[in-house]
Amino acid sequence: MSSHGEHGSSCVVKDVHLLKTIVMGQVLSVLICGTAVSCQYLVDAGVETPMLQSFLNYSLLLLVFTTNLSTRKDERNLLQILKTKWWKYLLMALADVEANYAVVKAYQFTTLTSIQLLDCFVIPVLMLLSWVFLKTRYRAGHFVAVMVCLFGVGAMIGADILAGRDQGSTSHVALGDGLVLLSAVLYAVSNVCQEYTVKNLSIIEFLGLMGLFGTLISGIQLAVLETHAVAAIKWDLYISMLFAIYALCMFALYSLMPVVVKMTSATAVNLSLLTSDLFSLFCGLFLFHYTFSALYVIAFVVIAMGFITFNPTSSTNGGPISARRCDGHQEQLEVQRLARGHFDIWTKHN
């Protein structure tokens with residue numbers, strides 16, 4: 001009798017965990033949608049400063065999480081970490097910054113359809129890197145789930161073509177496509193580093209060092225590449241609000257994503273993020289007057305089904321998921337407390 005009770009309780013815990021994972025994954029997608037919409041409005045206003053936008057995000061991470069690391073007095077404080085692992089975090093931040101920059105630059109050379117299609121290359125690269133470096137062992141169900149998700153992406157791209165949304169440039173398609181593939185590889189490297197760090201070390205350590213080196217790298221590139229573009233911005237309340245929305249969405253995305261990665265895996269999170277383009281399209285129906293297609297709804301359902309199928313299928317990567325989840329609970333609460341506290345301070349001053 002007790003075994004049946006324990007089995008039922010275990011099923012309930014798994015169902016709740018799956019539901020929480022799905023919801024948090026879609027919150028991440030909505031945040032990406034927020035960055036995409038604010039970016040579109042900035043472009044419409046004649047502002048194209050991707051490195052400035054990245055710099056604002058990394059600066060917020062620096063303000064919140066790097067500051068927290070620097071005030072710690074144990075062996076996990078900022079100085080102790082930098083003494084032994086600074087170069088590892090520097091490379092991780094470099095991959096993340098350049099991945100963001102490469103995909104934004106790709107829009108100048110190739111089409112939206114190519115970018116959406118080739119950007120999915122991050123998933124097989126991520127699975128390969130996880131297999132090699134994190135010792136993750138996937139089952140047949142995982143590969144089936146990934147194929148289902150990619151089928152959903154295909155439906156989304158088909159809807160884009162039918163709706164005439166094959167936007168972008170065709171001036172240097174090969175260069176643009178190469179930038180997208182480079183971005184996918186760099187994102188995969190960054191995500192694998194993220195998964196290892198948050199599951200074996202600390203979420204706050206990851207965010208703090210990403211903020212420190214991300215601010216440094218993006219600040220240098222900003223000074224080199226976008227000085228004239230920033231000087232040409234005609235600042236007013238509207239432009240300032242768009243920058244603020246973008247920065248806060250990105251900050252929330254970067255703060256929440258390690259929590260979801262710790263609960264699942266970097267591969268699962270990237271599968272859930274495939275719906276972000278669809279959220280952007282749904283917003284575009286009202287904000288930018290895009291043409292509706294039933295294929296968008298079908299694509300969303302198919303991607304969601306693939307993501308749901310991927311998560312319950314167990315994989316092995318060095319420890320039971322439940323143990324890692326319990327060990328990280330207090331740290332997740334601290335991340336939420338830090339982010340909420342600094343957001344309250346920001347709102348009071350504004």
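The values are calculated or read from the model by the stated rules, or taken from the named source; none is laboratory data. Note that the structure is predicted; figures quoted are calculated from it, not measured. Methodologically, a virtual Cβ is constructed for each residue, glycine included, from the backbone with ideal geometry; neighbour enumeration extends over all protein chains shown. Each accessible area value is taken on the protein alone, full model and side chains, heavy atoms only, with ligands, DNA and RNA left out. Shrake-Rupley method; radii C 1.70, N 1.55, O 1.52, S 1.80 Å.
A compact table of results
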read-out	value
Solvent exposure, largest accessible area first (probe 1.4 Å, DNA, RNA and ligands not counted), of TYR196, TYR41	TYR196, TYR41
Heavy atoms of GLU48: accessible area, 1.4 Å probe, square angstrom to 10	120
R0 of 22 Å, Cβ-Cβ distance LYS20-PHE143: FRET efficiency to nearest 0.05	0.35
Sorted peptide list for 132-145, 256-269, criterion being average Cβ within 10 angstrom, highest first	256-269, 132-145
Per-q log10 I(q)/I(0), region 82-232, q = 0.08, 0.17, 0.21 Å⁻¹ (Debye; single scatterer per alpha-carbon; no solvent)	-0.29, -1.10, -1.28
Solvent-accessible area, 1.4 Å probe, carbon plus sulfur percent, for region 33-76	58
Accessible surface of CYS193 - all protein chains present, 1.4 Å probe, nearest 10 Å²	50
Ellipsoid semi-axes in whole angstrom, largest first, where each is sqrt(5λ) of the Cα gyration tensor of region 15-65	28, 17, 5
Heavy-atom surface of region 169-308, accessible at 1.4 Å and reported per residue (Å²)	40
